[in-house]
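To keep things clear, I will list the structure first and then write my remarks on it.
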Amino acid sequence: MKIPTTLKHKPVVVSENYEQVDGRYARNTDAKGLSLGLAQWNDRGKVEVSAKVWRYTGEKWSRQSEELPMHRVLDLAILICRTSLHFEEAYRFPKMYDPENPTIDRIGLQGDAMTVSICDGNPMIDTDIKMFAQALSEDGEMIGERLRVLSGLLNEMGL
């Protein structure tokens, strides 16, 4: 299915078969494509590149399609990687984290740091963290495959 080019987000690079590789939702998803292009919120004279997940309901392109600035996509990738690292060692904690210090890491970005921590404000955190860890474990092969591809591409880029 072709991603629309007449809407506010202007696709430049696309993956129009994303529904075939959308993780556990592959071949049964409304996320039909991914694109990198010119952001829909561009102001006059200011151009920003964004990433977009294109959703199709079966009848029309959905308003639930998400568009993110590229730096946020990368920030999410950083968060995923740091979270995965935490859960590799989380078994060491009785609650899978240290309730006295829920901060996992502070990752330096642009003069400050992104704080990565367990959401101890969640009243169901003890139950939710176990379910999260289980789901992360079950998706380990799928996530690992994507992280290996990302690692290889970063190495190719000399990063």
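Each reported figure results from applying straightforward, stated rules to the coordinates on display, with no laboratory input. This structure is a prediction, so every number in the text was calculated from the model and none was measured. So basically every Cβ, Gly included, is an ideal-geometry build from the backbone, and we count neighbours across all protein chains shown.
Remarks
- Among the residues making up segment 4-20, a single one is assigned to a loop (DSSP other than H, G, I, E, B), surrounded by 15 or more Cβ atoms within 10 Å (Cβ to Cβ) and without any contact (Cβ under 8 Å) to a residue 40 or more places away in the chain: E16.
- Residues located in segment 22-35, provided they are touching a Ser or Thr at 6+ places or on another chain (Cβ under 9 Å) and crowded, with 16+ Cβ neighbours inside 10 Å: D22, D30, A31, G33, L34, S35
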